[in-house]
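Right, one structure below, let's go through it.
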Amino acid sequence: MVDFGIPIGAGIAFGLGALGTGIAQSRIGAAGAGTIAEKPEMFGLMIILVAIPETLVILGFVVASMIMIMLV
Amino acid sequence: MLQKMLKIQVLGPKKDLHNVLDVLYAKGTVHIEDASAPSSPGEVTLKRMTADQVGDINVAYSKIGGILLTLPKTKIDEKIVAHTYANLKAMSHDNLLIHVNSVIDDLEVATKTLAKEKSDLELSLINLGRYEKIIDKIRPLETSMPKLEGFEVTVLLIQKEFKDVIDIIRDALAEITKRQFELLSAELDETTIAAVTIFNKRFSDQVHSYFFNQNVNEVRLPPEYLGKSFNEIFSLIEERKISSMKEIARLDAELEKISSKWYTELNALHRILGERAEELSIFSKIGQTEYTFMLAGWIPKKSLKETRDALKEGFGGRVIVNEPALTPEEMAEAPTFYDNPRIVKPFEFLMCVVSPAKSTEYDPSPLMAIFLPLFFGIMVGDIGYGLIITAFALIMKWKFSDRDWLQHLMNVLILGAIWAIIFGWLYGEFLGDLGEHMGWIEPKTFFGVTWNRMEAIVPFLILSFAIGVFHVFLGLVLGIVNAWTEMSCKRHVDKAKKHICEKSGMIIVITGLILVILGIGLALPSTIVTTGAALIIVAIPLIFYGGGAFGTFEIMSTVTNILSYSRIMAIGMASVILAVVANKLGGMMEVALVGLIIAALLHTLNLILAMFSPFLHSLRLHLVEFDSKFYQGGGKMYKPFKKENGGKST
Amino acid sequence: MEQINPTRMELIKKNAQIKLAEQGRDLLREKMDALIQEFFNVMESVSQSRSELEKLSDVAQHALLIAEAIDDPVTLKSASFATRRGITLDIKGKNVMGVPVPIIEKKRFVKSLFERGYSILGVSGRIDEAAEKYEAELDLIITLAETETSLRRLGSEIQMTRRRVNALEQVLIPELKRQAKYIEITIDERDREDLYRLKKVKKIIERKKRETINT
Amino acid sequence: MEYAYVNARIKAMKSRLLDRSFLEQLINKPDIDSLIAELEKTTYREELDKAGVLYSGIHRIEVAIRKDLVKTFRTVLNLIRGGETESYLTLILNRWDVQNIKTILRGKKIQENPSEILDCLIPAGELDEAALTELVKQPDVKAVIDLLATWGIIYSRPLTLNFREFSETGDLLVLEYALDTFYYQDALSRLKSGESDDARILKNILVTEIDINNIKTVLRSIRDRIDIEEAKRYFVKGSPDFDMERLTSIMKAGTIDGALKHLEHTPYQFITTIPQEYIVAEKISAFEKELERYLVKKAVSLFIGDPLSIAIPIAYIWAKYTEVTNIRVIARCKIIEVPEKELREALISV
């Protein structure tokens, strides 16, 4: 029997991380758009702020790959 | 490195002021500050210098600005503007003023009347809409009314809770008009009832004075609509609306005409007047007494001597350069002068995107110049990509040679690409696994690990964390250094002490944590674990003293910061996997050409991602994880009084 | 002088006139003294009110400027619309030594909160205070108008009385005295003439008597 | 309602408000022209340029900052178009409508020249410049009310209701007071329906405002020895803490000192610490200043409240309003040469 648990676990780890990042980025993106509309000079900072929640998806990715590699 | 700045005061007799300014201007070393603002209470406030022409220039400047605002924007040809600008610039001050005033005379009245007419029409349009709404609502009532000559129609609005009033009105009207009237009512909306009455004009005064004192409102319409039927009024309003809009269009066209003729010139004028006003404003920063002037400013330590010599040469002992003793608080006010080697310049730019450093803190840009491209290289790590990125950056630099920010960004990319090539060699990657496939290169082996990114995931992760620990510790150490410098400033001593405690505590805690984890994870001798635990216990009071309860939360966030460096591995791996997928998909295709195209497309996509994502994330690692440990920012930039800044004296 | 009848009757009349005139003069003198006294009294209060007015108007002005600075001049102007109305004054008269002086019957202009005609919810206390100070100033101005008019009236009355005294003293009384003198002299003269004539007649009678005796 | 975008924009706008050190710079300017020159470097530049065509000196500044205020409020309102939030925000901006209608009624009552009246209006509320121009054109007070009714503007209701009393007594206070109370009652009833955070935030501010108004009325009435029954008519209902009963009992204290005692252990305790000389002199404006400052601080401190709520726009509106007031104070004091100390006292710092 093929063990589906591991890929599913990895999928959840990655998927939820991505989802979280998406939610956070959508808000930050909206706020960033608002800020840039008023202060275009903030563009650089906004890009970085938008990138901050990407930690989540990256950690998700790390965990997913560790699950796949270590448990397979 | 940041240059050490010194505050200077230049004092001299007033008659030399212009020449002194010329000398300073030629030197271009002094960042002039407002000398007339008292720097501490109780100090004598010096009167401000005023240049005579400032008023005229400012008036003209704002008038031109006002005219520009009323005119519709027209596309301007930058070349012609530059040409006009150059012509104007050549004019003498007085001639320029005469010219400007003649332009203002030509345009001001015309544009103002047009704009006024237009806004009047726009206002009346809005009101027409308001009237139209109510007329549209009561229109249906009219059809059921008899049309009689010599009779007057009045519409009443009654709030629903007073609807009984209708009966009272009916009775009263019957009495006044001797039953020669008609009254109809209908609901207008949720809160209002409309009642239409029609009665002989003879009774008009009596009826109206009766209404005056009732809790009802008469519908008010502009006088020109009196005595007309509602349908008529409705169509009249429609007509008015259309004609008003036509009129507005006509006015717009006229403004457009003026604009097309003048916009370029006005733009150039506005620009040059703005510059002149800015130039003259330098005078308002100079303090004066009856016979002397005082100019205050900051100067980099290294250029103090040459400036002093230049002044001495020109004016002998008449002009004095004074260095007031500064408290550390005042030193903190100094402007920031990044003075780094050329290779670091792009990173200064990146720092300024966020917030320029304060002159007293450690300038992170040289460190950034080392680590940012390094991180970028570790993440991209592909000879092929590195080469392509370099080529791309060079092309961009050549194409947009006039955009400063792009130049800076591309320089950063090139530096990163160089590291990418180096790491690509280490990983044995050329366009993913293509290089290895073709047998050109292969992953190197160090420390018993073959650095093939597809396989050596765990070593990579550990490497990332190690980089994280090192980088965060470096940040903490710099934080301690900064706090140490701050100690000289009395006001901040307490705060600085706490910072030092907190940061050193943090280093100890993290070290302890690492020892514990390593000890348990690798089953090392128990002494290591106990040492780690002891370190943690020792450090916690330190942190608690330095940062309070929140300080202990900081431990968590520092740990997360270190974990966050795992993105170095993660992004790198994502990039290499995509590259490998591109090669595999390409190779799977039956037709070589299709395979090639598919591979090329995927590689391009990966390349775009590779330029953007690793760059952004290494920047982020610096600004968020690294800088937060020591960097405050909020400095003001050093802007010496010289030509680029338009600071020419007149 | 021709019209004067140098009769004894006339003399008595003149003497009576002289006495009357002198009495009148003395009376007027007294009145003048009293007026001058009153004048100085009023003057003191006027100069006091004047300096008070100056002070008050400074304070009022300051309050207004502060209100304008904080509450925006347009709010102030809007509030002023609500309070703008004419002032009606009832003026009555009073006699001081026969001088009619005005008495201004007035309500106090300092109004209370709800009398100014605006709702206090949109109008700040600063505006209220400025209004109040100006109302007080108006009060004072009206009082000042009253006393200053009195002062002016008293002054002109004093001047007129002085002129009258002077007229009595330097014109009328000497004239009357001269007339009385003239009558007196004329009567005396006539008396002497009469005496002489009587003596002459007596001589003639005696001579005639002697002649008749002699003849 | 997407607050993330809107509030980010408003926060960015907020960061462009003039900070304390800039105001210091303005204070240090020697005269009105250099003050204008300094202001030209800020967001006021556009309006200053426009106003500069017609006015100069202090009037130029005043017209410009007034226009800028209106423009800014319109910008905020346009950002928030649609839905509940807009209706909440207009509720705050409606106070300008009330003020404008009052001014028009006052002007009409004394038959003031329409252009004079128009000069006193600040079209920052829902009644725009067009509506105000048309209202000012009406011949008399009744016509103004009728026109409001014709256009279906709610303020015609309290005015119509009280018109008869006005026409009998000729006392405009009747109409003005009706308008004021209507504003607060209408606002509170509009908030009652919503149980959202936004409604709560707004209600909190509004109730504070009502309290402060009532405390001011009480103090002013005590000072002018107004009869309790008379003064009671001018209290605004709607505050849970300071209801009619409590206000009456404060009123009964009869002296300012006594009234202040009643305010101990309330949020308004701070005014009991006012220097004794002001209490003795019954200088209401001194109390008023503190109360206003409290309200402004409370409103502006909403900036640190929930970043995804109406708190941010509300705080911004107040902050902007304060800024405009401060600029005006500084400019006015420039021309009358008030000592700097007094000037600083008059400023509302936040």
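Yes/no matrix, rows are residues, columns are (1) away from chain C (no Cβ under 14 Å); (2) within 17 Å of the chain's Cα centre (by Cα); (3) in contact (Cβ under 8 Å) with a residue 40 or more places away in the chain:
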| residue | (1), (2), (3) |
| --- | --- |
| D:Leu202 | yes, yes, yes |
| D:Val207 | yes, yes, no |
| D:Leu219 | no, no, yes |
| D:Ile226 | no, no, no |
| D:Glu230 | no, no, no |
| D:Asp243 | yes, no, no |
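When each of B:Phe199, B:Phe151 is tested for being away from chain D (no Cβ under 13 Å), surrounded by 13 or more Cβ atoms within 10 Å (Cβ to Cβ) and touching a Ser or Thr at 6+ places or on another chain (Cβ under 8 Å), the lone residue that passes is B:Phe199. Counting only helices (runs of 4 or more DSSP H) that sit wholly inside the stretch B:397-495, those with at least 2 residues that are in contact with a helix residue (DSSP H, G or I) (Cβ under 9 Å, 6 or more places away or on another chain), in the same structural domain as B:Ala582 (by TED's automatic domain parsing) and polar (S, T, N, Q) are B:404-427, B:457-486. In this structure, is B:Ile343 assigned to a helix (DSSP H, G or I) and without any contact (Cβ under 8 Å) to a residue 12 or more places away in the chain? In short, no. Of everything in the stretch C:125-155 that is of a type in the set (S, T, N, Q) and in contact with a Ser or Thr (Cβ under 7 Å, 6 or more places away or on another chain), the residue that is surrounded by the fewest Cβ atoms within 10 Å (Cβ to Cβ) is C:Thr143.
Applying the criterion of being within 22 Å of D:Leu79 (Cα to Cα) and touching an Asp or Glu at 6+ places or on another chain (Cβ under 8 Å) to the residues of the stretch A:19-53, the residue that is farthest from the other protein chains (Cβ to nearest Cβ) is A:Gln25.
Kindly indicate whether D:Ile212 is modelled with pLDDT of 85 or more and assigned to a helix (DSSP H, G or I). When the stated conditions are applied, D:Ile212 passes them. Residues in the stretch B:223-234 that are at pLDDT below 85 and either buried (at least 17 other Cβ atoms within 10 Å of the Cβ) or closer than 20 Å to D:Lys142 by Cβ (or both): B:Pro223, B:Tyr225, B:Leu226, B:Phe230. Residue check: B:Glu190 meets all listed conditions (1) in a loop (DSSP other than H, G, I, E, B); (2) away from chain D (no Cβ under 14 Å) but one, namely (2).
Using the structure shown, decide if C:Gln170 is over 19 Å from the mean Cα position of the chain (by Cα), more than 19 Å from C:Ile104 (Cα to Cα) and surrounded by fewer than 18 Cβ atoms within 10 Å (Cβ to Cβ). Against the criterion (over 19 Å from the mean Cα position of the chain (by Cα), more than 19 Å from C:Ile104 (Cα to Cα) and surrounded by fewer than 18 Cβ atoms within 10 Å (Cβ to Cβ)), C:Gln170 qualifies. Among the residues of the stretch B:578-594, is any surrounded by 16 or more Cβ atoms within 10 Å (Cβ to Cβ), within 36 Å of the chain's Cα centre (by Cα), assigned by TED's automatic domain parsing to the domain that holds B:Ala357 and over 23 Å from B:Asn561 (Cα atoms)? Yes; the residues of the stretch B:578-594 include at least one that is surrounded by 16 or more Cβ atoms within 10 Å (Cβ to Cβ), within 36 Å of the chain's Cα centre (by Cα), assigned by TED's automatic domain parsing to the domain that holds B:Ala357 and over 23 Å from B:Asn561 (Cα atoms).
Somewhere in the stretch C:19-32, is a residue at pLDDT 85 or above, of a type in the set (Asp, Glu) and out of contact with any helix residue (DSSP H, G or I) (no Cβ under 8 Å at 6 or more places or on another chain)?
Initially, the stretch C:19-32 is screened for residues at pLDDT 85 or above, giving C:19-32.
Remaining after also requiring of a type in the set (Asp, Glu): C:22, C:26, C:30.
Of the ones still in play, those that are also out of contact with any helix residue (DSSP H, G or I) (no Cβ under 8 Å at 6 or more places or on another chain) are C:26, C:30.
Taking every residue of the stretch C:19-32 in turn, at least one turns out to be at pLDDT 85 or above, of a type in the set (Asp, Glu) and out of contact with any helix residue (DSSP H, G or I) (no Cβ under 8 Å at 6 or more places or on another chain).
Which of the residues that make up the stretch D:110-138 are assigned to a loop (DSSP other than H, G, I, E, B) and more than 9 Å from chain B (Cβ to nearest Cβ)?
Going through the stretch D:110-138, the residues assigned to a loop (DSSP other than H, G, I, E, B) turn out to be D:110-113, D:120-128, D:138.
Within the stretch D:110-138, D:Ile110, D:Gln111, D:Glu112, D:Asn113, D:Cys120, D:Leu121, D:Ile122, D:Pro123, D:Ala124, D:Gly125, D:Glu126, D:Leu127 qualify.
Can you tell me which residue is farthest from B:Ala277 (Cα to Cα) among those in the stretch B:125-138 that are of a type outside the set (A, V, I, L, M, F, W, C) and surrounded by 16 or more Cβ atoms within 10 Å (Cβ to Cβ)? Among those that are of a type outside the set (A, V, I, L, M, F, W, C) and surrounded by 16 or more Cβ atoms within 10 Å (Cβ to Cβ), it is B:Lys137.
Among the residues of the stretch D:188-208, the ones that are buried (at least 22 other Cβ atoms within 10 Å of the Cβ) and under 29 Å from D:Gly107 (Cβ atoms) come to 0 in all. Looking only at the stretch D:149-188, residues that are within 12 Å of chain B (Cβ to nearest Cβ), in a helix (DSSP H, G or I) and among the aliphatic types (A, V, I, L, M) come to 3 in all. Would you call C:Ile158 of a type in the set (Val, Ile, Thr), under 30 Å from the mean Cα position of the chain (by Cα) and surrounded by fewer than 17 Cβ atoms within 10 Å (Cβ to Cβ)? No, not satisfied.
The values are calculated or read from the model by the stated rules, or taken from the named source; none is laboratory data. Predicted model, so just to flag it, every value in this text is computed and none were measured. Neighbour counts run over all protein chains shown; Cβ positions are idealised from the backbone, glycine included.
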